[in-house]
1. Please go through (1) small (G, A, S); (2) touching a Pro at 6+ places or on another chain (Cβ under 8 Å); (3) crowded, with 17+ Cβ neighbours inside 10 Å; (4) modelled with pLDDT under 90 for B:G109 and return the number of the only condition it doesn't satisfy.
2. Of all residues in the stretch A:130-158, how many are closer than 24 Å to A:L178 by Cα and either polar (S, T, N, Q) or surrounded by 22 or more Cβ atoms within 10 Å (Cβ to Cβ) (or both)?
3. Give B:T198, B:T136 a once-over and let me know the one that is free of Cβ contacts under 8 Å to residues at least 40 places away in the same chain, out of contact with any strand residue (DSSP E or B) (no Cβ under 6 Å at 6 or more places or on another chain) and among the hydroxyl-bearing types (S, T, Y).
4. Just checking, does the stretch B:168-188 include any residue being assigned to a loop (DSSP other than H, G, I, E, B), more than 19 Å from B:D34 (Cα to Cα), in the same structural domain as B:T49 (by TED's automatic domain parsing) and not charged (D, E, K, R)?
5. Here are B:F17, B:F104: which of them is within 21 Å of A:A95 (Cβ to Cβ), free of Cβ contacts under 8 Å to residues at least 60 places away in the same chain, more than 23 Å from the chain's Cα centre (by Cα) and crowded, with 19+ Cβ neighbours inside 10 Å?
6. If A:D89 satisfies every condition in (1) within 14 Å of chain B (Cβ to nearest Cβ); (2) farther than 22 Å from A:T18 by Cβ; (3) of a type outside the set (S, T, Y); (4) in a loop (DSSP other than H, G, I, E, B) but one, which is the exception?
7. Condition test on B:T49, is it within 15 Å of the chain's Cα centre (by Cα), closer than 22 Å to B:I158 by Cβ and modelled with pLDDT of 90 or more?
8. Determine which single condition A:D288 fails, assuming it passes every other condition in (1) touching a Leu at 6+ places or on another chain (Cβ under 9 Å); (2) part of a helix (DSSP H, G or I).
Amino acid sequence: MFSLIQIETYKIFRRPRTYIAFAAITSLIVLIQFGLKVDGKSYLDFMLNDLSTTLQIEGNIMNGYLVCYVMLQLLLVHVPLLIALIAADMISGEANMGTLRLLLTKPFSRTQLMLSKFIASTIYTLLLLIWLAFLALFVSMWIFGTDDMFLMKSSYVVLLKENDVFWRYIGAFVFAALAMTTVAALGFLLSVFAENSIGPIVATMSVIIFFTILSTLNIPIFNTVKPYLFTTHMISWKEFFDIQVNDANEAINGSIQNLPKILQSAAILLIHIVVFVWAAIWVFRKKDILS
Amino acid sequence: MVPMQDIITVNNLSKKFRNLKAVDNISFTVREGDVYGFLGQNGAGKSTTIRMLLTLIEPDAGDISLFGLSLARHRHEILRQVGAVIEKPDVYKYLSAYDNLKLFARLSGIKPTEQQIREQLAMVGLADRAADKVKTFSQGMKQRLGIAIALVHDPALIILDEPTNGLDPQGIADIRNLILHLSRDRNKTVLVSSHLLTEIEQVATRLIIIDKGKKLVEGAAADLFDPAQTLVSLDTLNNQQAMEQLANGPWAGALQPQRDGQIYLKLHRNQVPQLHAYLVQAGIPVLALQPRHSLEDYFLQVTSGKQYVQSYTN
């Protein structure tokens, strides 16, 4: 099994397509960092327009922590496409190339192959997020420096002390890894049904877009299904940046306002991963290989 | 004399795709050391049967045993001893021939040395292209690499499904020689399906012919040609006159429909000299009188393709 995982990971990282995602993330982050470095003040002025009359803000607001948050908000919507490029191709790509039939004449079970492929696509997902974290967080901290983190939410602002931010990013990235693994599992499931790569990739993105729209629509009739949609929970990484306040309305360092919500979202995403992977294995074990 | 082991035993194998019976109650046995020809027209059920032997397709009914073990219960042990090329030899195009071979060797459960991989590539004539990506290979080179992959773990049984597909005459001859080498020099059992009957004829020790999912005949190649049913082709200076003479004489019952402008008769092989004497006596100048016992003729006799060819040529 370990050998199979090694082989599947090796195959992923020998394909030129794999590096499209890394190149796309790198160029996007560099572009945003360049823009904010050159014209960050205008961006901040625009953001703080309504607050400038009521709040006096001092210090390095446009610091690495805020830049990373801005980028995560932008990128975590698009990263699923980059995940789907690989995960939704894991089985369908082999069927398309014609290698699936040769692969399945080798002495290991279909379940072993499927688990190896899923673990390999999860490794890819994690490496992509580590790369994203390195560029968006560490490089931004190096370029923009660090300071307290000032966040504007829809109806309130959050101020996080400089020494209370880094661990939140670790939590947010771990949670994002779980969310992106859910996307990988969905793509993986859809790849079992097709014999070309495009179909499952487009289908994965369509499902995500459809569910995301459903999750964000404020129409009461859809409220009953929202808690069960994985897209509703994929954005719960933001909860790491909401802080509890005491009776004097002072922020409590090291606290998270709604930890149960994070745990519940994580559990729901985990259930989705298990169900998607189990369904993929179940279908694949019964599938006649005619490609 | 050591009795030969049955390498493949198939009993009452069936597979249906929706309303189509792709394989219908087929049974056959491949013995140790056989070069077993698997013949049938396109859509006859050859590939479906082979895919069931390799666990790519689940049979609806029937039993498959390889090396005396049930395929359903001992899949891993069995597949360690099997090498296969299934239709097109598709491999990872973004990897080199060397990397592909190494990867599939590891998937087969072995870790060959660099020397072993290079020897295997040399055996199929790809030693000087080892480092090249497969996407730059011709169809013939891919086919040879596919065979190297099938052989890399030194399997006892080699299954080749249409191994000559897309090959030029030299490539076809290479595959034929390789099959003979594997059988004679390396004592491998080979199951080979092909639509190129003349190629099978030159290598197969035993064969099976299937049609529309059903087995028509199975046996040693030499035993399948019944001398009492020998097809004889006749070419004369005046075939029309010869046809009239034969149709109105004692050989009328042996006459077969004409093909390619030639006259065909089905008779006992021993009757050929008598036929020749009859034609000479009737004053018909004979250009050629040839007993046809090729596999192709036999195949056309026993399959429904015979009707197809006849109606087409008529």
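The values are calculated or read from the model by the stated rules, or taken from the named source; none is laboratory data. Please read all numbers here as calculations on a predicted model, not as lab measurements. No Cβ is skipped: glycine too gets one built from the backbone with ideal geometry, and neighbour counts run over all protein chains shown.
1. That leaves (3) as the condition not met.
2. Counting residues in the stretch A:130-158 that are closer than 24 Å to A:L178 by Cα and either polar (S, T, N, Q) or surrounded by 22 or more Cβ atoms within 10 Å (Cβ to Cβ) (or both) gives 4.
3. Going through B:T198, B:T136 in turn, the sole match is B:T136.
4. For the stretch B:168-188, residues assigned to a loop (DSSP other than H, G, I, E, B), more than 19 Å from B:D34 (Cα to Cα), in the same structural domain as B:T49 (by TED's automatic domain parsing) and not charged (D, E, K, R): absent.
5. Only one candidate passes the filter, namely B:F104.
6. Going through (1) within 14 Å of chain B (Cβ to nearest Cβ); (2) farther than 22 Å from A:T18 by Cβ; (3) of a type outside the set (S, T, Y); (4) in a loop (DSSP other than H, G, I, E, B) one by one, A:D89 breaks only (2).
7. Answer is yes for this residue.
8. Just one mismatch for A:D288, condition (2).
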